[in-house]
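The values are calculated or read from the model by the stated rules, or taken from the named source; none is laboratory data. Values in this document were obtained by computation on a predicted structure and should not be read as measured data. Side chains included, ligands, DNA and RNA excluded: accessible areas come from the protein's heavy atoms. Shrake-Rupley method; radii C 1.70, N 1.55, O 1.52, S 1.80 Å.
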Amino acid sequence: MSKLSIIAELWAFLRERKKWWLAPIVIFLFLLGALIIFSEGSAVAPFVYTLF
């Protein structure tokens, strides 16, 4: 199962079940995960880890 199919399935679930209040939570978690992944080996890493 590819990552794009998981995102498409999640979008279909949100649209069908009218769970629009979940969309900001999912977007925030995705952005937070991307921030951690992309800053892993950079000079920004010490600043990201102080948030936690």
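Can you tell me which residue is nearest to THR50 (Cα to Cα) among those in the range 8-26 that are hydrophobic (A, V, I, L, M, F, W, C) and open to solvent by 100 Å² or more (accessible area, probe 1.4 Å)?
That would be TRP21.
Which of the helices (runs of 4 or more DSSP H) found entirely inside the chain contain at least 3 residues meeting this: within 15 Å of the chain's Cα centre (by Cα) and at pLDDT 75 or above?
The helices (runs of 4 or more DSSP H) meeting that bar are 3-17, 22-38.
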